[in-house]
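S.K.: I am attaching a structure below and will ask some questions about it afterwards.
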Amino acid sequence: AANNNTNNMVNGIMILSNLHKRLSPQKRYALAVFIFLIALLLRFLILPVEAGLSYLTFYPATVIGFYLCGIGPGVLVVALSAVTTNYIFDPPFWAFSYRLDDNIGVVVFLASCFMIGSIVRQLHNHSKQLENSLSTEQMHSRALRMLSDCNQALIHTENESELVNRSEERRVGKECRS
């Protein structure tokens, strides 16, 4: 039962990990906007505007946006989050500040999001490599099962491999090699 739960969890993670490949660009960007809006709503619900912790819900939204939607939509989440946070949650509240010391939070957020995007991209690349390796391993496993199911065996000699049909050997009473 534990092995089955682990397999289900791995399959679920693989489905989420590949969501950015399966959805159309329009759906990925729409999902990115939805993720941003949920983060914004949560930020309003968790703390008052003036409370600080401006980027509290936008960091997780950025990770989720990059992971589920891909790089382009992830950048959209970052841009929407940075502009909105700077306008609403950073002093002066409900106005843009053009002073450098008021915008240090935005600069740090953007630098952090660049690193988050780079890490998620690497995760996607490693996931693809792992998927390709597993696919090759599964093909080999299937081929071996097919050989076994047909009562055939692959015999490795010093210089070559031979396909042996064990059923045919039993029927005719001699070795049958191809």
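The values are calculated or read from the model by the stated rules, or taken from the named source; none is laboratory data. Being a predicted model, the structure only gives us computed values, none of them experimental. Methodologically, a virtual Cβ is constructed for each residue, glycine included, from the backbone with ideal geometry; neighbour enumeration extends over all protein chains shown. When the accessible area is computed, the model is the full protein with side chains, heavy atoms only, and any ligands, DNA or RNA have been set aside. Shrake-Rupley method; radii C 1.70, N 1.55, O 1.52, S 1.80 Å.
S.K.: What are the residues in the range 69-85 that are crowded, with 20+ Cβ neighbours inside 10 Å and under 14 Å from the mean Cα position of the chain (by Cα), if any?
M.R.: 69, 70, 73, 74
S.K.: Can you tell me which of (1) modelled with pLDDT of 95 or more; (2) of a type in the set (Gly, Ala, Ser); (3) out of contact with any Ser or Thr (no Cβ under 8 Å at 6 or more places or on another chain) is the one residue 133 doesn't meet?
M.R.: Of the numbered conditions (1) modelled with pLDDT of 95 or more; (2) of a type in the set (Gly, Ala, Ser); (3) out of contact with any Ser or Thr (no Cβ under 8 Å at 6 or more places or on another chain), the odd one out for residue 133 is (1).
S.K.: Something else now. Kindly indicate whether any position in the range 53-62 is in a helix (DSSP H, G or I), open to solvent by 10 Å² or more (accessible area, probe 1.4 Å) and either touching a strand residue (DSSP E or B) at 6+ places or on another chain (Cβ under 8 Å) or of a type in the set (A, V, I, L, M, F, W, C) (or both).
M.R.: For the range 53-62, residues in a helix (DSSP H, G or I), open to solvent by 10 Å² or more (accessible area, probe 1.4 Å) and either touching a strand residue (DSSP E or B) at 6+ places or on another chain (Cβ under 8 Å) or of a type in the set (A, V, I, L, M, F, W, C) (or both): absent.
S.K.: Which one of these is assigned to a helix (DSSP H, G or I) and either under 17 Å from residue 123 (Cα atoms) or in contact with a Cys (Cβ under 9 Å, 6 or more places away or on another chain) (or both): 38, 15, 88?
M.R.: When all the criteria are applied, what remains is 15.
S.K.: Okay, next question. Based on what the data block shows, is residue 48 open to solvent by 20 Å² or more (accessible area, probe 1.4 Å) and under 30 Å from residue 129 (Cα atoms)?
M.R.: In short, no.
S.K.: So if I check each of 79, 95, which one is part of a helix (DSSP H, G or I), small (Gly, Ala, Ser) and without any contact (Cβ under 8 Å) to a residue 60 or more places away in the chain?
M.R.: None of the other options fit; the residue is 79.
S.K.: Identify the single condition in (1) among the aromatic types (Phe, Trp, Tyr); (2) more than 27 Å from the chain's Cα centre (by Cα); (3) at pLDDT 95 or above that residue 59 does not satisfy, given that it satisfies every other one.
M.R.: Result: residue 59 passes all but (2).
S.K.: Which residues, counting only those in the range 26-40, are open to solvent by 70 Å² or more (accessible area, probe 1.4 Å) and either in contact with a helix residue (DSSP H, G or I) (Cβ under 6 Å, 6 or more places away or on another chain) or at pLDDT below 95 (or both)?
M.R.: Of everything in the range 26-40, just one residue is open to solvent by 70 Å² or more (accessible area, probe 1.4 Å) and either in contact with a helix residue (DSSP H, G or I) (Cβ under 6 Å, 6 or more places away or on another chain) or at pLDDT below 95 (or both), namely 29.
S.K.: Mind listing whichever residues of the range 97-119 are more than 14 Å from residue 54 (Cα to Cα) and modelled with pLDDT under 95?
M.R.: Within the range 97-119, 97, 98, 99, 100, 101 meet the criteria.
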